[in-house]
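Some notes on the structure that comes next.
The values are calculated or read from the model by the stated rules, or taken from the named source; none is laboratory data. Nothing here was measured: the structure is a model prediction, and the numbers come from that model. Quick reminder, even Gly has a Cβ in these numbers, built from the backbone with ideal geometry, and neighbours come from all protein chains shown. Keep in mind that these areas ignore ligands, DNA and RNA; they rest on the heavy atoms of the full protein, side chains included. Shrake-Rupley method; radii C 1.70, N 1.55, O 1.52, S 1.80 Å.
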Amino acid sequence: MSMDIRGLERAVAEHGRVARVVVASVEGSAPREPGAAMLVWPDGQSGTVGGGALELEAVDHARNVLAEGSDSLVSRSLGPALGQCCGGAVVLVTEIYDESRLANVRGNTYLRRVSGQADPPLALQRAAARSRSSREIALTLCQSGWLIEQIAPRLRPLWIYGAGHVGRAIVEVMAPLPGIAITWVDTGADRFPGNIPDNVSKLLAANPASAVRHAPSDAEHLVLTYSHALDLEICHQLLGHGFRATGLIGSATKWARFRSRLRSLGHTDAQISRIRCPIGDPALGKHPQAVAIGFATEWLSSSSAAETEMEADA
């Protein structure tokens, strides 16, 4: 399993400081495998390390660690004393994350000391080096108080509002592309097709504009619902929420009206200009698949530019 850095970033953004509990190593039979993790904050949690009583104890311990402000490494036998019948043992690492610490988690492998003062074991140093140089997957390993994990690739979030003809065409074209996580929003289950790709999350919302607050601030959005009024409200909410890019389906006339309405709602011309209307390549025509192909071409071009910039920085 890999470290879900995006999920951790969302939790930190929402709760400020969170404890991450990860199964660092396993001996014998255990409820979960190395790399399984959960996030804990004072009044909630997400994810699971399994084991019932083991997890309850881990949550209590994580909240104590949050209060104390220091990381922790705990080895636990899974026997009758804990109400478990697995018979194995696990090592759980609990770490505190905030915005400052997250800024130091970079690259595709995360090697760090979680207890003690020993130097990093040579085996873990070599595993990290192989992962950096050859993209070899680094397994979750804990040795001599040091922990190494693979960081899950950052998926590029795309939120699509509207499951009509254009929305369906865009999902069909975009879903097979690598490195993308699609959230598809509409008002009812009957508006979606029967089969939805695995990397597409269906989100039902009586008012899709209310779903905007759940989107990550670096998401890209496509607004193409059945209602101009709803499109306008989504654009209004997005301008107040933050986004990487937003596209709106429509004509020049529609966009002129939207610009005027958005100004009256308090948005500046500079803010409004971040929304692109129309989407796709007008030269390809207005057929849903043509719009989808035009948008996908823009997406792939921007992805290539971003990868080139990352390679230059490296």
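Filter the trypsin sites (Lys or Arg not before Pro) in segment 202-284 down to the DSSP loop ones having no more than 15 other Cβ atoms within 10 Å, then list what survives. Loop-located and lightly packed - R244, R274. Stretching A118 away from A256 to a fully extended chain increases their span by 43.3 nm, per 0.36 nm per residue minus the current alpha-carbon distance. When the Gaussian network model of the chain links Cα atoms closer than 10 Å, the mean-square fluctuations of A181, A290, A103 top out at A103. Which one of L262, G52, I196 has its Cα pushed farthest toward the positive end of the charge dipole of the chain, where Lys and Arg give +1 and Asp and Glu give -1 at the Cβ? Farthest towards the positive pole: L262.
Taking the C-alpha atoms only, the angle from helix 228-241 to the longest principal axis of the chain is near 40 degrees.
Overall, segment 1-75 carries a charge dipole of about 180 debye about its Cα centre when +1 sits on the Cβ of Lys and Arg and -1 on the Cβ of Asp and Glu, all other atoms neutral.
In this simple spin-label approximation, M1 and D218 carry label points 7 Å from Cα along the Cα→Cβ vector, and these lie 2.3 nm apart. Computed on the Cα trace of segment 161-286, the radius of gyration divided by the Kirkwood hydrodynamic radius gives Rg/Rh = 0.94. Each label point was placed 7 Å from the Cα along the Cα-to-Cβ direction; for E33 and A189 their separation is 3.1 nm.
Structure remark: mean-square fluctuation, Gaussian network model of the chain, C-alpha springs under 10 Å; the largest value among D119, D186, D231 belongs to D119. Taken about its Cα centre, the chain carries a charge dipole of about 740 debye when Lys and Arg each add +1 at the Cβ and Asp and Glu each add -1 at the Cβ. Ordered from highest to lowest accessible area with the whole protein assembly present and a 1.4 Å probe, D198, D60 read as D198, D60. Segment 241-256 and segment 15-70 have Cα centres spaced 42 Å apart.
What is the list of residues in segment 182-213 whose amide nitrogen lies under 16 Å from a point 7 angstrom out from the Cα of S302, following Cα to Cβ? Inside the label zone: 182-183.
Placing R0 at 41 angstrom, the Cβ-Cβ distance between V74 and S134 gives a FRET efficiency of 0.75 after rounding to 0.05.
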